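Written out below as structure tokens is the structure these notes cover.
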Amino acid sequence: MKWVALLLLLLAPLIVSPFYLTMLNYIGLYGLVTLGLLLLTGIGGLTSFGQAAFVGVGAYTTAALSSGVIELPTALAWTQHSPWIALLAGMLLTMAIALLLGALTLRLSGHYLPLGTIAWGISLYYIFGSFDRLGGQTGMAGIPPISLFGHPLVRADEMYYLIWAFVLAALVSTQNLLDSRQGRAIRALKGGVVMAEAMGVNTMRVRMAIFVIAALQACASGWLYVHLQRFINPSPFGLQYGIDYLFMAVIGGAGQVWGAILGAGVITLLKQWLQDILPGLLGRTGNFEMIVFGALLILLLQRSRSGLWGLVSRLPGMPVRRRRVPATAEPLPRRTMPLRGEVILEAKGVTRRFGGLVANNAMDLTVHSGEILALIGPNGAGKSTMFNQLSGVDIPTSGAVLFRGRPIVGWGSRAIARLGLSRSFQHVRLLPEMSVLENVAIGAHLRGRSGVLAVALRLDRAEEARLLAEAAYQVERVGLKEHLLDAAGTLALGKQRILEIARALASDPCLLLLDEPAAGLRHQEKRELCGLLRKLREEGIAILLVEHDMDFVMGLVDRVVVMNFGEKIAEGLPDQVQRNPAVLEAYLGGVNE
């Protein structure tokens, strides 16, 4: 299918009319911008309306430098009148602006993030029209063409191959990025910051990376656009175009690289056809094409939330793309496990106040290597809050937490995960459309090193094979081998909880924090989970779990800590705790969560 599409692209100038060749040029330009939004919005979950402004940065930079309308100092005069040097300058300027705007914008969340992108997008748009030397709002003509090996590219068919060379390079590098450790980190953003950070993902760095990548792809589109038109004014870089690019990403299919090109093509051609047909049917006094276009978009989104590519991918004969486990791969190195009985985790006087509410009050507990410790208590006892203090999600008001003798208060969950602590969650946090294999591979993120540039150029294949092999081992270890390539969202809740344990194990921890791991499991699944946790204990892994199934807890754990109203009311062996009057009154006397 892809080879057919590539062949058609190659032959297009020979078989289509000049009008549709021009349309293909614009589809390529728009698709290049939409590919960046694929990463930023479709996969990273960061809605941006400002991509058109970055197109403008690239366009105006090359217009100013290659046409020579701005006089540079003598030392930099050699950079003028060269579109290729202008491309480099535009990329550098775009990167600088993106880093600044990203630092200001990406800390926002909810509806504030898209509003922030609208704000700086409008600001840049008005900046473009504020310089008379660049033509102001009227525009600037006389921009020289791009030259390749001394030949100027002045015709549409000549620019066509350059435009689509850029698009195909962006397609390949984007797909390489998504099929990698860094790609899984990008996808993990949709699972929530808490989950991603707990798996060792630097979420702010990942957000910034995809923000800059999207900006650079938009800049390249602007560079190509201005040399295709050889004229520039601010109109194509306003908010309306930013909205159009976002529509292209969503309509095409925001999770697939080919969906970006499909969305750009369909919207570009559909708009043109509607503009040609509707005025003859309904008159020329209204913008009927925009009304019909909007209605069609709403209908499509109702029928397929995954966009047009979601419909195409379900056609008979369309291949299903799944990551495969490499046949051979060198095993990842494993950390040296602590000696059995060694104190792994120690909490001393941990107190957490939320205003006048004391969620944890002077809590003490210790976890030893090779033991399973249960933290139990009735609703509102403060167990989840305590979990957050231990894993770095939250910071205690007072008290100390030591991991292998090292104070970790204030470190953050990502730094703590690097030390060897991994966790699951009370409410399952998986990426349902990704396979079981890739979900588990997210847990091994900290065990890889390849950066964005290396994976885009496909220089990470040996490391990627090792990470996938490790993920496959952990999937088999927890008994989910038959589901290895299934989408995680198709698994029953109980198996999804087991899958979270496999993901936690992929980081090679010496301590597991498990939040209600038996919830939703059937009797046989609980027996298998008990067997797995006992096996991990024998391997020297320490386990701290919160659980409400008392039969499951008392038949499994070595020690129990009981909380009530944020305080520890009992600690000891399971038999001792079950006979403790305070525990019977607070929890075991028929109270269930």
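The values are calculated or read from the model by the stated rules, or taken from the named source; none is laboratory data. This structure is a prediction, so every number in the text was calculated from the model and none was measured. Every residue, glycine as well, gets a Cβ built from its backbone with ideal geometry; the counts of neighbours run over all protein chains shown.
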Filtering the stretch 392-408 down to residues that are within 19 Å of G200 (Cα to Cα) and touching a Gly at 6+ places or on another chain (Cβ under 8 Å) yields G392, I395, F403, R404, I408
Matching entry among L270, L274 (being touching an Asp or Glu at 6+ places or on another chain (Cβ under 7 Å), over 27 Å from M140 (Cβ atoms) and surrounded by fewer than 19 Cβ atoms within 10 Å (Cβ to Cβ)): L274
So the check is Cβ under 7 Å with 6+ separation or different chains; which pairs have a first residue in the stretch 103-131 that's touching a residue at least 40 places away in the same chain (Cβ under 8 Å) and a second one that's of a type in the set (F, W, Y) and in a loop (DSSP other than H, G, I, E, B)? P114/F49; T117/F49; I118/F49; G121/F49
Qualifying positions in the stretch 280-299 - at pLDDT below 75 and not acidic (D, E): G280, L281, L282, G283, R284, T285, G286, N287, F288, M290, F293
Total residues in the stretch 539-550, condition of a type in the set (D, E, K, R) and under 14 Å from L339 (Cβ atoms): 1
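Condition check ((1) among the aromatic types (F, W, Y); (2) in a loop (DSSP other than H, G, I, E, B); (3) at positive phi; (4) buried (at least 24 other Cβ atoms within 10 Å of the Cβ)) across all residues:
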site	(1), (2), (3), (4)
A5	no, no, no, no
N25	no, no, no, no
T34	no, no, no, yes
L38	no, no, no, yes
T47	no, yes, no, no
List the residue pairs whose Cβ atoms are under 7 Å apart, where the first residue sits in the stretch 203-221 and is closer than 15 Å to G451 by Cα and assigned by TED's automatic domain parsing to the domain that holds Y160, the second is buried (at least 24 other Cβ atoms within 10 Å of the Cβ) and of a type in the set (V, I, T), and the two are 6 or more positions apart or on different chains. V206/I186; I210/I186
If K383 satisfies all but one of (1) buried (at least 20 other Cβ atoms within 10 Å of the Cβ); (2) touching a Cys at 6+ places or on another chain (Cβ under 7 Å), what's the number of the condition it fails? (2)
From the set of residues in the stretch 341-359 that are touching a strand residue (DSSP E or B) at 6+ places or on another chain (Cβ under 8 Å) and part of a loop (DSSP other than H, G, I, E, B), which is surrounded by the fewest Cβ atoms within 10 Å (Cβ to Cβ)? G341
Tally time: how many residues in the stretch 8-31 are over 15 Å from V167 (Cα atoms), free of Cβ contacts under 8 Å to residues at least 40 places away in the same chain and not β-branched (V, I, T)? 5
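A quick yes/no check of all residues on (1) β-branched (V, I, T); (2) in the same structural domain as E547 (by TED's automatic domain parsing); (3) touching a Ser or Thr at 6+ places or on another chain (Cβ under 7 Å):
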position	(1), (2), (3)
V478	yes, no, no
L484	no, no, no
A487	no, no, yes
T490	yes, no, no
A504	no, no, yes
D515	no, yes, yes
K526	no, no, no
Some residue of the stretch 398-421 being among the aliphatic types (A, V, I, L, M) and under 30 Å from Q175 (Cβ atoms): yes
Sort out which residues of the stretch 360-378 are buried (at least 22 other Cβ atoms within 10 Å of the Cβ) and either within 34 Å of the chain's Cα centre (by Cα) or in a strand (DSSP E or B) (or both), and write them in order of number. N360, M363, V367, I372, A374, L375, I376
I need the full set of residues from the stretch 389-437 which are crowded, with 22+ Cβ neighbours inside 10 Å and in a helix (DSSP H, G or I), in order please. Q389, L390, S391, S413, I416, A417, V436, L437
Tally, over the stretch 412-459, of residues that are among the polar types (S, T, N, Q) and free of Cβ contacts under 8 Å to residues at least 12 places away in the same chain: 0
Among the listed residues G489, G479, identify the single one that is out of contact with any helix residue (DSSP H, G or I) (no Cβ under 7 Å at 6 or more places or on another chain) and in contact (Cβ under 8 Å) with a residue 40 or more places away in the chain. G489
For a quick check of your reading of the model, give me the residue pairs whose first member lies in the stretch 44-58 and is closer than 25 Å to L189 by Cα, whose second is basic (K, R), with beta-carbon atoms closer than 9 Å and at least 6 apart or on different chains. G44/R187; G44/K190; G44/R207; G45/K190; L46/R207
Are any of the residues in the stretch 150-159 at pLDDT 90 or above and in contact with a helix residue (DSSP H, G or I) (Cβ under 8 Å, 6 or more places away or on another chain)? yes
Tally the residues that are hydrophobic (A, V, I, L, M, F, W, C) and buried (at least 18 other Cβ atoms within 10 Å of the Cβ), restricting the search to the stretch 455-475. 8
